[in-house]
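S.K.: Structure in structure tokens, see below.
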Amino acid sequence: MKRKLLVGLIFSIAVLALLGTTACDFGGGQSTVSQQQVEVTRGDLTLSVTGNGKMETSREARLTFGSAGKVDRILVAEGDRVMTGDVLASLDTSTLELAVNQAQMALTQVEVALTQAQLAEETADYNLENTRNSEDSLNLALLNAQIALDTARANLNAGITAVDFNSIVAELNKAQTWYDSVKIMAQDTSRTSIDWDLTLLNAQENLDIAQANYDNALAGYDSRQVNLMKKQVEAAELSVVLAQKNIDDLDKSVALQELQLFSAEQAVMQAEQAVELARQNLADVQRQLDEATITAPFEGVVAVVLAEEGDIIPSPSMAPTTIIQMINPGYLELVIEVDEIDIPLVELGQKAAVSVDALPDKEFEGIVTAVYPVPMEVGGVVLYKVKIGLENTDDSGIKVGMSASADIVAEKHENVLMVPSRAITKNDRGQTIVKVMVDNQAQEREVVVGLDDGFRAEIVSGVSEGETVIYEIRVKSPSMSMF
């Protein structure tokens, strides 16, 4: 990995003087110190990061069938250009189409069953709510039944009271008592007389009249009208009993209907599960039918066709079989390796100049699209992968797999003052300086340095264009014998 200096404008370097001095080396050799004078010029200074790799397609697809079967049609050949969604190959789908129809019918049946279960649930819920709300109605029914019973009893009593039955019974008892008394008196021989026989006869007549009145009243009490009123009383009593029983049975009815509602809810849940399973089954067979056809996932070129019509394709769960391989040569990628020292300079979106070994006379422009976060170590050197994307036209000549290099433009300053990097030093006070020739004398000049690529350095302030700076180069010469 290296940083590379790109100079956009003419960078004129005027070598004004070359002075050499010679010094002795205790080891028997000599070193030469050369002073070089360079003019301060303007130009473009570019800091770049370089890496090598191979061209790869950014989009590649190995297309397979999603289900087993017999290949019915292969519609493309190697080298064909296809559009997104184009049908490339298909299996014999007659069995799958039948399975889809059957699954659809099964789904319809369980959906109908679900609708019926939901209706039963709503009915059970409605009945339970009505039963819970019927307590007031049942209490009202009991009250009405009690009122009806009281009314029937009152009517019956009124029908009996209208004959004055109690008075008739009292008269009968009075006549019977008088008759019994007179009869005893008449049987007393000491009192036998015609008067007592007559009195007994009158008492007998009065008793007969009272008995007749009683018999008549009793016959009126057992009449059909009274019997009807008796039955009305009996019916009212039964109504009261029934109304009370309904109230007593209310809790049982609520509990029973709660069970019925729970059962209906369970039936709905089971029906919903059946519908979900049927939908999953339909989706599965529909997916198998869809995956029995291979379509182009993107616009590109058919690279390889690996099957023929009539071939039997096994289930992809057992052995996935690539049928067609596609690539998109219109957009390529170059993955290079960058040293850990240079990786902080690389950012997404930076431009890169791409050179292909097989096309030495051409240069292509790319963009940094990815910086891999996980490093790799090669021979003790830590490297990071960087992906560069570039558009590719039909006439570019670039092919997948070609070796290439890229210069990533990390930073570029245009029309700046520049001097050789080795001309920049520090004085005893730690200040950054250059030596400038003034009236044939070297003077230290404090400067502010900008971009430095290791070969040329930008001078932000401290010198002017056209001034001459001095820097030294020490070269060791071959050793010489001493006499």
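S.K.: Which numbered condition in (1) surrounded by fewer than 15 Cβ atoms within 10 Å (Cβ to Cβ); (2) assigned to a loop (DSSP other than H, G, I, E, B) is the only one that Val76 fails?
M.R.: (1)
S.K.: Pairs please, first residue from the range 85-99 and closer than 14 Å to Val305 by Cβ, second anywhere and surrounded by fewer than 19 Cβ atoms within 10 Å (Cβ to Cβ) and among the small types (Gly, Ala, Ser), Cβ atoms under 8 Å, 6+ apart in sequence or on different chains.
M.R.: Qualifying pairs under 8 Å: Ala89/Ala307.
S.K.: Here's a follow-up. Give Val434, Val416 a once-over and let me know the one that is part of a strand (DSSP E or B), among the β-branched types (Val, Ile, Thr), under 18 Å from Leu45 (Cα atoms) and in contact with a Gly (Cβ under 8 Å, 6 or more places away or on another chain).
M.R.: On the way: Val434 fails: under 18 Å from Leu45 (Cα atoms).
Matching residue, one of Val434, Val416: Val416.
S.K.: Would the range 272-287 turn up any residue that is exposed (fewer than 14 other Cβ atoms within 10 Å of the Cβ) and β-branched (Val, Ile, Thr)?
M.R.: Within the range 272-287, none of the residues are exposed (fewer than 14 other Cβ atoms within 10 Å of the Cβ) and β-branched (Val, Ile, Thr).
S.K.: Can you tell me how many residues in the range 44-74 are within 24 Å of Asp394 (Cα to Cα) and more than 33 Å from the chain's Cα centre (by Cα)?
M.R.: Adding up the residues that qualify gives 5.
S.K.: Then there is this: May I ask you to say which residue of Val268, Val301, Val254 is outside any helix (DSSP H, G or I) and farther than 24 Å from Thr93 by Cα? Lay out the reasoning, then the answer.
M.R.: Numbers: Val268 fails: outside any helix (DSSP H, G or I); Val254 fails: outside any helix (DSSP H, G or I).
One residue alone meets the criteria, Val301.
S.K.: I'm told Gln102 meets every condition in (1) of a type outside the set (Phe, Trp, Tyr); (2) under 24 Å from Asp284 (Cβ atoms); (3) outside the structural domain of Ala319 (by TED's automatic domain parsing); (4) buried (at least 17 other Cβ atoms within 10 Å of the Cβ) except one. Can you identify the failing condition by its number?
M.R.: Only one criterion in (1) of a type outside the set (Phe, Trp, Tyr); (2) under 24 Å from Asp284 (Cβ atoms); (3) outside the structural domain of Ala319 (by TED's automatic domain parsing); (4) buried (at least 17 other Cβ atoms within 10 Å of the Cβ) is unmet by Gln102, namely (4).
S.K.: Condition check: modelled with pLDDT of 90 or more and outside any strand (DSSP E or B). Does Glu458 satisfy that?
M.R.: Against the criterion (modelled with pLDDT of 90 or more and outside any strand (DSSP E or B)), Glu458 does not qualify.
S.K.: Can we say Gly462 is over 17 Å from Gln36 (Cα atoms), in contact (Cβ under 8 Å) with a residue 60 or more places away in the chain and of a type outside the set (Ser, Thr, Tyr)?
M.R.: no
S.K.: Does Ala120 fit the bill of being at pLDDT 90 or above, part of a helix (DSSP H, G or I) and small (Gly, Ala, Ser)?
M.R.: Judged against the criteria, Ala120 is a match.
S.K.: Pick from Leu47, Leu138, Leu88: which is among the aliphatic types (A, V, I, L, M), at pLDDT below 90, in contact with a strand residue (DSSP E or B) (Cβ under 7 Å, 6 or more places away or on another chain) and buried (at least 16 other Cβ atoms within 10 Å of the Cβ)?
M.R.: Just a single option satisfies the conditions, and that option is Leu47.
S.K.: Let me ask something else about it. Report yes if Gly379 is more than 30 Å from Asp80 (Cα to Cα), among the small types (Gly, Ala, Ser) and touching a residue at least 40 places away in the same chain (Cβ under 8 Å), otherwise no.
M.R.: Details: more than 30 Å from Asp80 (Cα to Cα): yes; among the small types (Gly, Ala, Ser): yes; touching a residue at least 40 places away in the same chain (Cβ under 8 Å): no.
Considered against the rule, which asks whether it is more than 30 Å from Asp80 (Cα to Cα), among the small types (Gly, Ala, Ser) and touching a residue at least 40 places away in the same chain (Cβ under 8 Å), Gly379 comes out as no.
S.K.: Same structure again: Of the residues that make up the range 159-177, is at least one assigned by TED's automatic domain parsing to the domain that holds Ala203, closer than 25 Å to Glu237 by Cα and at pLDDT 80 or above?
M.R.: no
S.K.: Do you know which residues across the range 336-374 are in a loop (DSSP other than H, G, I, E, B) and exposed (fewer than 15 other Cβ atoms within 10 Å of the Cβ)? First the steps, then the outcome.
M.R.: Within the range 336-374, the subset in a loop (DSSP other than H, G, I, E, B) is 340-342, 346-350, 357-358, 372-374.
The answer is Glu340, Ile341, Glu347, Leu348, Gly349, Asp357, Ala358, Pro373, Val374.
S.K.: What single numbered condition from (1) out of contact with any Leu (no Cβ under 7 Å at 6 or more places or on another chain); (2) over 24 Å from Thr93 (Cα atoms); (3) surrounded by 17 or more Cβ atoms within 10 Å (Cβ to Cβ); (4) not assigned by TED's automatic domain parsing to the domain that holds Val386 fails to hold for Ala307?
M.R.: (2)
S.K.: Next up: Being over 29 Å from Val356 (Cβ atoms), in contact with a helix residue (DSSP H, G or I) (Cβ under 6 Å, 6 or more places away or on another chain) and not charged (D, E, K, R) narrows it down to one residue among Val419, Val438, Val434, Val448; which is it?
M.R.: After ruling out the rest, the residue left standing is Val434.
S.K.: Condition test on Pro316, is it part of a loop (DSSP other than H, G, I, E, B) and surrounded by 15 or more Cβ atoms within 10 Å (Cβ to Cβ)?
M.R.: So Pro316 fails the test.
S.K.: Just give me the residues in the range 434-455 being within 16 Å of Gln37 (Cβ to Cβ) and not polar (S, T, N, Q), in sequence order.
M.R.: Val434, Lys435, Val436, Met437, Val438, Asp439, Ala442, Glu444, Arg445
S.K.: Then there is this: Could you check the range 237-255 and list, in sequence order, the residues that are of a type in the set (Gly, Ala, Ser) and either outside the structural domain of Thr151 (by TED's automatic domain parsing) or in contact (Cβ under 8 Å) with a residue 24 or more places away in the chain (or both)?
M.R.: Within the range 237-255, Ser239, Ala243, Ser253 meet the criteria.
The values are calculated or read from the model by the stated rules, or taken from the named source; none is laboratory data. Quick caveat: nothing in here was measured; it's all calculated off a predicted structure. A quick note on method: Cβ atoms are made from the backbone with ideal geometry, for glycine too, and the neighbour counts reach across all protein chains shown.
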